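Engineer: The structure under discussion is supplied below as structure tokens; questions concerning it will follow.
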Amino acid sequence: MSVTRRDVLRILSAGGLVLGAPSVLSRFSEAADPKGPMAPEKIDASELTGLEGKPAPKPAGPPDLAVIEGADPAANTKAAVDMMGGMRRFVSKGDKVVIKPNMGFGNPPEEATTTEPRVVRALAEMALEAGAKRVMIFDNPCHRADIAVEVCGMKKALQGLDDTFVFTIRSSRFFREVSIPKGKVLKKTKIAVDILEADTIINAPVAKSHGSAYVSFGMKNWMGAVEERTAWHTLIDLHEAIADIATFIRPKLTVLDATRVLVSGGPGGPGPIKNLKKIVAGTDPLAVDIYGLTLAKWGGSGYRVQDIPHFQHAILRQVGDHRIERMDIRKVAV
């Protein structure tokens with residue numbers, strides 16, 4: 001899929017951005033990036049983030065992004081959700097709630113390949129306190145399902161919570177085929193039935209590097225909600241498919257777990273790990289993901305927005321707002 005100069009002009013103009021020199025408005029290429037995955041030609045950063053003057057003042061109320069740092073992942077999570085307006089902003093009495101963590105690998109939490117279990121328990125507790133009828137927590141793991149859910153610590157961490165279910169979705173009975181109206185390469189796919197029937201969806205990914213997608217944050221986490229993703233690596237463009245699924249699954253809240261981050265060697269490790277002790281929460285899935293780039297030097301050297309192909313595709317599909325420099329981002333240490 002090629003992106004024309006007109007496409008980029010249309011998206012950037014719609015956001016009220018001031019464009020740089022026209023000569024740098026390039027299209028996606030098929031040239032291989034020496035770092036590994038296929039990458040687009042670079043777009044000048046000013047064309048993604050350049051603004052004239054100061055951002056407009058934000059009204060009182062919840063911020064666009066909440067960034068909490070502290071020693072206790074559960075306390076960080078609760079503080080982030082509270083800053084975003086509290087769980088009752090997202091969950092109403094009687095809601096069927098889905099929390100989608102990353103439970104893809106049979107590694108302990110200390111290896112930073114899966115979501116910290118204490119983050120997910122905190123989210124489930126808050127959802128139940130807000131009146132959720134039930135909370136469903138699941139993934140379609142890469143490793144053997146029973147091993148993955150046990151070793152990553154999620155099942156043990158959620159024990160004792162009423163109306164809370166932790167499981168893996170490997171059987172076809174867990175999925176239903178749907179059309180993706182805004183999909184470019186992913187026109188239809190089989191998605192977890194619980195997501196299709198949920199009243200509230202909370203995305204709870206871990207922040208880590210990824211050998212094929214560069215980084216694995218919120219949008220990439222939805223690969224664990226589909227039945228068959230092998231074709232994403234073989235028959236269609238992975239980066240476009242990630243953006244396509246993000247146009248369809250629309251979480252009310254994204255909580256990015258950056259308690260520990262695998263800065264390279266992802267998605268399954270091993271690799272260098274940084275203990276950031278942070279949680280990032282927001283209602284805009286693209287904004288959360290883009291902020292995630294600022295947390296570490298992913299891949300050993302760090303990436304910009306224009307270095308991540310699925311980010312660029314998501315911008316063009318208008319999944320969310322990429323202009324985080326004009327957002328209300330509140331950072332608190334607890």
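Engineer: For region 187-222, which positions are open to solvent by less than 10 Å² (accessible area, probe 1.4 Å) and out of contact with any strand residue (DSSP E or B) (no Cβ under 7 Å at 6 or more places or on another chain)?
Structural biologist: Across region 187-222, the qualifying residues are A213, Y214, M219, W222.
Engineer: Sticking with this one: Taking region 87-117, which residues are open to solvent by less than 20 Å² (accessible area, probe 1.4 Å) and of a type in the set (S, T, Y)?
Structural biologist: T113, T114, T115
Engineer: Does any residue in region 257-279 that is within 13 Å of S209 (Cα to Cα) come within less than 9 Å, Cβ to Cβ, of a residue that is among the hydroxyl-bearing types (S, T, Y) and surrounded by fewer than 23 Cβ atoms within 10 Å (Cβ to Cβ) six or more places away or on a different chain, and which pairs are these?
Structural biologist: Qualifying pairs under 9 Å: P267/S212; G271/S264; P272/S264.
Engineer: Tell me which residues, restricted to region 87-111, are within 28 Å of G268 (Cα to Cα) and in a loop (DSSP other than H, G, I, E, B).
Structural biologist: Here is the first cut: in region 87-111, the residues within 28 Å of G268 (Cα to Cα) are 97-111.
Across region 87-111, the qualifying residues are N102, M103, G104, F105, G106, N107, P108.
Engineer: Just give me the residues in region 63-80 being within 21 Å of E125 (Cα to Cα) and either modelled with pLDDT under 95 or of a type outside the set (A, V, I, L, M) (or both), in sequence order. Break it down into steps so the answer makes sense when it comes.
Structural biologist: As a first pass, look at region 63-80 and keep what is within 21 Å of E125 (Cα to Cα): 66-80.
Of everything in region 63-80, those that are within 21 Å of E125 (Cα to Cα) and either modelled with pLDDT under 95 or of a type outside the set (A, V, I, L, M) (or both) turn out to be E69, G70, D72, P73, N76, T77, K78.
Engineer: Quick one: in region 152-165, which of the residues that are in contact (Cβ under 8 Å) with a residue 24 or more places away in the chain and closer than 11 Å to P117 by Cα is most open to solvent (accessible area, probe 1.4 Å)?
Structural biologist: Applying the filter and picking the extreme gives K156.
Engineer: Can I ask one more? Would you please name the residue that is farthest from L65 (Cα to Cα), looking only at residues in region 308-329 that are among the β-branched types (V, I, T) and open to solvent by less than 20 Å² (accessible area, probe 1.4 Å)?
Structural biologist: I308
Engineer: Run down V178, V149 and say which single residue is part of a strand (DSSP E or B) and open to solvent by less than 30 Å² (accessible area, probe 1.4 Å).
Structural biologist: Checking each option against the conditions leaves just V178.
Engineer: Against the definition (small (G, A, S), at pLDDT 95 or above and either over 20 Å from E69 (Cβ atoms) or part of a strand (DSSP E or B) (or both)), how does A281 come out, yes or no?
Structural biologist: Numbers: small (G, A, S): yes; at pLDDT 95 or above: yes; either over 20 Å from E69 (Cβ atoms) or part of a strand (DSSP E or B) (or both): yes.
So A281 passes the test.
Engineer: Under 9 Å between Cβ atoms, which residue pairs at least 6 apart in sequence (or on different chains) link something in region 104-115 that is more than 23 Å from E227 (Cβ to Cβ) with a partner that is part of a loop (DSSP other than H, G, I, E, B) and among the aliphatic types (A, V, I, L, M)?
Structural biologist: The qualifying pairs are A112/V263.
The values are calculated or read from the model by the stated rules, or taken from the named source; none is laboratory data. It should be emphasised that the depicted structure is a prediction, and the values quoted were computed from it without experimental measurement. Glycine also receives a Cβ, built like all others from the backbone with ideal geometry; neighbour counts cover every protein chain displayed. Just the protein is used for accessible areas: all its heavy atoms, side chains included, with ligands, DNA and RNA removed. Shrake-Rupley method; radii C 1.70, N 1.55, O 1.52, S 1.80 Å.
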